[in-house]
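Everything on this sheet refers to the single structure shown next.
The values are calculated or read from the model by the stated rules, or taken from the named source; none is laboratory data. If you're wondering where the values come from, they're calculated on a predicted model, not measured in any experiment. Here Cβ is always computed from backbone atoms with ideal geometry, including for glycine, and neighbour counts include all displayed protein chains.
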Amino acid sequence: MTRYVMVADLRRCVGCQTCTAACRHANATPPGVQWRRVLDLEIGEYPEVQRVFVPTGCQHCSDPPCVAACPSTATRQRADGIVTIDYDICIGCLYCALACPYEARSKVDEPVYAYGDDPTASETARFDPRTIGVAQKCTFCVDVIDAGVAAGLTPGKDRAATPACANACISGALTFGDIDDPNSAVSRLLRENKHFRMHEDAGTKPGFYYLWDKEALPL
Amino acid sequence: MKPTRHGSARYVPTYCYNCVAGPDLLTVKVEDGVATEVRPNFAATGIHPADGRVCVKAFGLVQKTYNPHRILTPMKRTNPKKGRDQDPGFVPISWEEALDEITGRLNRIRAEGLLDDRGLPKVAASFGHGGTPASYMGTLPAFLAAWGPMDFSFGSGQGVKCTHSEHLYGEFWHRAFTVCSDTVHSRYILSFGANVEVTGGVCAVWRHAEARVRGIKRVNFEPHLSVTGAASAEWVPIKPKTDGALMFALINTMLFEQPRERLDIPFLRDRTASPYLVGPNGYFLRDPESRKPLMWDTVTNRAQPYDTPGVVAALEGAFTVPEAVEVGADDEVWTYSDVRVETAFTRMAETMRPYTAEWAEGICDVPATRIRRIAGEYLDNACIGQTIEVDGAVLPFRPVAVTLGKTVNNGWGAYDCVWARTMLACLVGALEVPGGTIGTTVRINKPHHNRLASVKPGPDGFMTANVNPTKRGKWEEKPTGRNAHKTLVPLVGNGAWSQALGPTHLAWMFVRESPESWVRPSYPEMWFIYRTNPAISFWDTHQLAETIARMPFVVAFAYTVDETNYMADILLPDATDLESTQLIRMGGTKFIEQHWEHQGVVLRQPAVDPCGESRDMTWIATELARRTGLIEKYNAALNRGAGSVPLKGDGFDFSLDLDKVHSGDEIWNAACKAATAELTHGADIKDLAWFRENGFFVVPFKRVDWYLYPTMVEQGLRFELPYQERLTRAGIELGRRLHEQDIHWWDRQLAEYEPIPRWHDIPEIWINALRNTGANPDDYPFWGVTTKSMQHTTGSNAAVQLMDEVAGNLRTHGRVVMNRKAAEKLGIKRDSWVEVRSVANFTRGQVELVEGIRPDTILITGQFQHWATPYAKDRNYPSLNTITPMSIELTDANGSGSDVVRVSVRPIEEVAA
C-alpha cells in the first residue's frame, strides 16, 4: 500500500513563507488563497517565551471529517490517502470547511486578481474557471504525483513527482513521501525523531506530522 | 536546468539577486510567451549550497514583471515644481527624445567641465542596497567608468542599514567585509542581533537548519524575539545598544575567572599582536634601528623585533627595555632608555578588568549568572588544541563563533562590538579557522572575488590596509565627493565601493546645511538613480524627500512611480529581472553566508520579452556612451571587466573592438567566453548560446579557501588585534588636520579612536541627544527598533502583492509590535491604532501585542509608509525611517548611525489609507 504524508520539521522551519509562495505559483491560487501557509506562534510569557513557525494546510487525514460532511461526494479520499475535491461535482456549500478543524479550505465566488479588477498576463494564462464557487485546498500537488508515478518516479524522492512546497522549502523543513515505505525519508524521520500531529484529539488521524524536540505544542 | 518544453511550456534558467544573499538559481516556466511560475533550479543540486532552492522573493518576480503599475515607456516631467504636494505630470515620450534630453545635458557638462567650482562632480549616481543593482545594471558600470568623476555620495541607507562597522573593521582585521559563523562546523554561536534566518538567504537558512538538527547551540541576544531568535536555542532579551557591554563582560569572565590554558595561547602569541610591547605614549614600542615593533622574547629574555627568528614571545606582563622608540602621530618620535612597558595583551586585559558580569548585568539587563554560564559554554565548545583536516591541510578546529546584526553593528557602540566580537574569536583562536568566526568577501580591497588574494604583507607584521591618508599634505583637505568619505573616515578607504559606503547621510545633510567651517556642497547638476528609493529607505524621510526635490535634474530608471522618482525629470523603463541579460560571478565565498565548494558564473536571460517599451540596461548604457562620444572608453572599460569579467587574460582574448558599437549579445557573448576561459585556463570555453541553454558554469572551489588562517600563516602575518595602534594614530592625525581647518564638530567622533575600546554608556547618547533638542527624555520612554522582512528586504517588493500577502502570515508585518503588558499599561489593545512619535516626526500603525519583546522596546518591521508607490501606498504600514533623525551627534567615527530611536506611543483613532 501507499500512504502519502507530509512531515514538517519545526526545528528547521523559519517561517519564510517560501512554501506558501511556491504553492501559490504551482497551483495558481488567487490572492489570499493559501493552500500551504506557515503560522507564526508564541508560547509562554515574557521573558520565558518561544516563537515557533508551523506549516499548515490540508492534513489529508485518514479519517477526514470533510469527506463525511460533503453532501455532493465532491470531496473524496484516494487509496493513497490524498483528499481531493472534484470541482465539477462540488456545489460550494462549504460544509467541508465548517467540518475541517484545520481551516484548510477556501472558496472564492468571483475572480480575484493581484492588482484590481483586471488580471495580469500571468493570471490570464493561469485562470481556471472551475475554481470559482467551489471549495479548494491543498491536493499534495496530486497531478504532479500522478504524472510522476506514471513516469516511474518516486514522490518525495524525485523532484518531478514531489509537491511544490516540499521542493521549494529552503530550510529542508518539509519532507513528503510514502509512510508505508519503511525506507522513505518520511518513515526515517518519524522513526528517528519525536513527533506529533495537529489536533490529534479530534481523531482525524492527519497525514501531516510535525517533528519537535521540546514540549508538545498546544495545537 | 536546460530550457525544456513540456507541451507549450518552456523552463528557462536564470537567477535572482534581489538581495546580497544571491544569486539564487531558478527556472521560470513560460507558457505561450508569458512567465507563469518560478521554480528552484535543481540542476544545481550538489553545486549550490542549498541545492538550487530559491528565496521567497524570487516568487515575486512574475508579479513584478506584469505589475500593471509599471512604467513602460520613457516619461518626462511637465510640472517644473517638485515636491510631495506637486503632481509631476509625467507624460510619455520616445526613447529618442529621452536620450536626447539626457545626453544633451551630459554633453554640455562634459564641454564645460566635469567638476564644479568646489571640485565636486557635476553628475551623481545612487544605487540600491548592498551592491545588488550591479547584478541587474548590465554594462552601466562601464559607462560610469568611461564618464570620469561621478559622485556616489548620496546613499539610500548605506551606513545605517548595513553592517557598516563590520564592513570596515572586518575587512581591516581579517579581510571580512561581511562576517559570519562557519556554520557547517560550528557547535556554539553567540548571535548579537544578527537575523541570519531573514537576511542570510537560502544558503544561510539551509546551513543553519542543518546545524540545528545536528545539535548546534545558538544564543541570540536581541531586544525582540526575531526569526533568528525563534530558531535559536536561547533568547536573551538584551537592552538595546548594550551589546558591547555584554561582550566586554564575556571577555572579562574569560580573562579573570577562567584559567589561561582555556584560551588559545599559541594563536594569541603567534597570530595576533598581543605580545607587542606598548610604550608610555600608547604606541608600539619599536626597535630604534629597524623601527619594528618589539616583543619580549622569553628565550633570550630581552626585547626583540616581532619577526626575529626563534623568538618565543611573552603574551603578557611588564618588562624593562633598555633602548627603544615610539612613533606617534605625524611621525613624532620618543626615545627611551630602560623604559617599563606592558604587552598589548596586558593592556587589553587591564582595560577589560572593570567589566565584570555584575557590572554588565546592571547595564544590559541580563543576569550575571547567565553571562558567566554563556562564557563558560563558549569556552567548553572552543575545542582548544584540536585540529581538523580540510582539503589535506591540518587546521585548528574552533567551533565557536560570534555574529553581529545591524543596529549592533552601526553607529555608536559598534566599534566596541566589532572589536569585542573579533577579540572573543582571538581569545580561543577561532578567527578564520574551521568552526569559527570567518569572513566571506572583500569590497574595500581587491580583488573582490578572491579575498585570499587580497592579503598582502604590510607594516609591522600585519596585512596592508586601504586606509585614507591623514598626514599633513596627504590628507584630502578638500572633499572630492559630497559625503567627504576620504576626508572624514580613514578606514573606509578609497576603493570602488568606498564612497558609497559613506558616511552617506552626511551628503544629504550637508547639501541642506553645512556645519561650521565647512563649505556647503552644491547639488549635482544631474542625478541618476537605479533600483533605489531613499525617500523611503533612508531616515527622516519627509525631509529627505524635500532634499531630493531640490535636485536640479533627476534621471530615474523607474519600475513604477515611487517616492524618490516622484521628483524626477526623466523616467526610463528598464527591462526587469525576467526580461534582460547579464552574466555575474557566483560561488566561492561571498556575502552573506555563502561558502560554496564551487565557483563560476551564472547568466540572467530574458525568459520573456520586455514589457512595453522597457529596454535592456546594456542597450541603455551603450546608447548613453555612444551619444556622449564615450564609446571607445566604454568598450575599454568593458574589456577591463567593468561588465562582468575581464575580456582578456592569460591565454585568451575576447576583447571588443574599441571603436565599434556592440550589441548586447555581442558583449555578453564575449563575457561568457572570457569568464569560462578564466575559470578553466582556456580549456573549456562556453558562449552565450551555451549559457542560454544551461544557465550556469562552475569549477570546483576548495573548502580550505573559506579560511584566511592558512594565508596568514603562509605569509607570516598577524591579525591586527587587540591593540589598534595604526587606527589610533590615524585618528589623532585626523583630529589635527580638522582642527587646523578650525573644524571641531567631528571631535566627538575623534574620541572614538581608542586603541582598546572602553565602555561609554552608549544608550545614554540617545538620551542626551533628546535633551540637546530641548525634549524631555521621559516623554520618549521606548526604544524604537526595526527588523528586516525576508519577503521585502532590498527587492523593491513593496509593490508586489504576493510578497505583501505571504509576509502577512508573520505577526510583525506592517504592525507596531509591543510587549503585551507594556501596551496594557497604556490602554492599547491588539489591532488598535497607535501613533509612534520621536523628536523628528511620527508614524502611525496598527498594534500587534506579543510576549517576545522587551517592555521598553517597540518594533516596526521593514521600510514602508509609501505615499506614491502604487499598491504600497494603500497598505498604510508604519515605518521607523519616518521618525529616525539624521544627525552628526548620532553619527560615529566611521560615519554610520544606528537604526534606533527614542519614541513615545499613544493610542489614536483608526487611520484611513
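Things to note:
- Tally of residues being away from every other protein chain (no Cβ under 14 Å) and outside any strand (DSSP E or B) across the range A:107-149: 16
- For the range A:10-27, a residue qualifies if it is at the interface with chain B (Cβ under 7 Å from one of its Cβ atoms) and outside any loop (DSSP other than H, G, I, E, B), and the qualifying residues are A:THR18, A:THR20, A:ALA21, A:ALA22, A:ARG24, A:HIS25, A:ALA26.
- The requirement of being surrounded by 22 or more Cβ atoms within 10 Å (Cβ to Cβ), of a type outside the set (A, V, I, L, M) and at pLDDT below 95 is not satisfied by B:GLY170.
- Of note, A:THR56 satisfies the criterion of being out of contact with any helix residue (DSSP H, G or I) (no Cβ under 9 Å at 6 or more places or on another chain), surrounded by fewer than 24 Cβ atoms within 10 Å (Cβ to Cβ) and assigned to a strand (DSSP E or B).
- Yes/no for B:PHE172 being away from every other protein chain (no Cβ under 14 Å) and assigned to a loop (DSSP other than H, G, I, E, B): no
- Among the residues of the range A:62-90, those identified as touching a residue at least 24 places away in the same chain (Cβ under 8 Å), hydrophobic (A, V, I, L, M, F, W, C) and in a loop (DSSP other than H, G, I, E, B) are A:CYS70, A:ALA74, A:ALA79, A:ILE82, A:CYS90.
- Residues of the range B:681-712 that turn out to be more than 30 Å from B:HIS185 (Cα to Cα) and either without any contact (Cβ under 8 Å) to a residue 24 or more places away in the chain or in a helix (DSSP H, G or I) (or both), as a count: 11
- When the range B:705-740 is filtered for residues that are in contact with a Ser or Thr (Cβ under 6 Å, 6 or more places away or on another chain) and either surrounded by fewer than 18 Cβ atoms within 10 Å (Cβ to Cβ) or of a type in the set (A, V, I, L, M) (or both), the ones remaining, listed by number, are B:LEU721, B:ALA730, B:LEU734.
- Residues in the range B:231-273 that are free of Cβ contacts under 8 Å to residues at least 60 places away in the same chain and crowded, with 22+ Cβ neighbours inside 10 Å: B:ALA231, B:SER232.
- Criterion (at pLDDT 95 or above, closer than 30 Å to A:CYS16 by Cβ and more than 12 Å from every other protein chain (Cβ to nearest Cβ)) met by exactly one of B:GLY735, B:GLY774, B:GLY716, B:GLY784: B:GLY784
- Only one of the listed residues (A:CYS90, A:CYS13, A:CYS100, A:CYS23) is under 30 Å from B:ASN819 (Cβ atoms), modelled with pLDDT of 95 or more and not hydroxyl-bearing (Ser, Thr, Tyr). That residue is A:CYS13.
- Matching residues in the range B:675-721 - criterion: being aromatic (Phe, Trp, Tyr), closer than 14 Å to B:GLN599 by Cα and touching a Lys or Arg at 6+ places or on another chain (Cβ under 9 Å): B:PHE697
- Condition check for B:VAL806: among the hydrophobic types (A, V, I, L, M, F, W, C), in contact (Cβ under 8 Å) with a residue 24 or more places away in the chain, within 14 Å of chain A (Cβ to nearest Cβ) and touching a Leu at 6+ places or on another chain (Cβ under 9 Å): no
- Residue count for the range A:155-194, restricted to those that are of a type in the set (Asp, Glu) and within 13 Å of chain B (Cβ to nearest Cβ): 2
- Matching residues in the range B:349-406 - criterion: being in a helix (DSSP H, G or I) and of a type in the set (S, T, N, Q): B:THR351, B:THR369
- Only one entry in B:THR676, B:THR680 is among the polar types (S, T, N, Q), at pLDDT 95 or above and buried (at least 20 other Cβ atoms within 10 Å of the Cβ), namely B:THR676.
- Among residues of the range B:126-158, those that are touching an Asp or Glu at 6+ places or on another chain (Cβ under 8 Å) and surrounded by 24 or more Cβ atoms within 10 Å (Cβ to Cβ), counted: 1
- Helices (runs of 4 or more DSSP H) (entirely within the range B:203-288) containing at least 3 residues that are more than 14 Å from every other protein chain (Cβ to nearest Cβ), at pLDDT 95 or above and out of contact with any Ser or Thr (no Cβ under 6 Å at 6 or more places or on another chain): B:243-256, B:265-271
- Which listed residue, of A:ASP63, A:ASP88, is touching a Ser or Thr at 6+ places or on another chain (Cβ under 8 Å), more than 9 Å from chain B (Cβ to nearest Cβ) and not hydrophobic (A, V, I, L, M, F, W, C): A:ASP63
- Qualifying positions in the range A:30-50 - within 8 Å of another protein chain (Cβ to nearest Cβ) and of a type in the set (A, V, I, L, M, F, W, C): A:VAL38, A:LEU39, A:VAL49
- When B:ARG347, B:ARG353 are checked against the criterion of being of a type in the set (Lys, Arg), closer than 25 Å to B:ILE251 by Cβ and surrounded by fewer than 14 Cβ atoms within 10 Å (Cβ to Cβ), B:ARG353 stands alone in meeting it.
- Exclusive hit being closer than 26 Å to B:THR891 by Cβ and not basic (Lys, Arg), set B:ASN450, B:ASN445: B:ASN445
- The set of residues in the range B:761-780 that are closer than 22 Å to B:LEU246 by Cα and surrounded by 16 or more Cβ atoms within 10 Å (Cβ to Cβ) comprises B:ILE762, B:PRO763, B:ILE765, B:TRP766.
- Residue satisfying condition, being in contact with a helix residue (DSSP H, G or I) (Cβ under 6 Å, 6 or more places away or on another chain) and either under 30 Å from B:PRO309 (Cβ atoms) or surrounded by fewer than 19 Cβ atoms within 10 Å (Cβ to Cβ) (or both), within set B:ILE743, B:ILE756: B:ILE756
- Qualifying residue in the range A:11-27 (condition: of a type in the set (Ser, Thr, Tyr), in contact (Cβ under 8 Å) with a residue 12 or more places away in the chain and surrounded by fewer than 24 Cβ atoms within 10 Å (Cβ to Cβ)): no
- Considering the range B:186-202, the residues that are more than 13 Å from chain A (Cβ to nearest Cβ), buried (at least 24 other Cβ atoms within 10 Å of the Cβ) and part of a loop (DSSP other than H, G, I, E, B) include one that is farthest from the chain's Cα centre (by Cα), namely B:SER186.
- Scanning the range B:713-735 for residues that are charged (D, E, K, R) and either over 16 Å from B:VAL433 (Cα atoms) or not in a helix (DSSP H, G or I) (or both) yields B:ARG718, B:GLU720, B:GLU725, B:ARG726, B:ARG729, B:GLU733.
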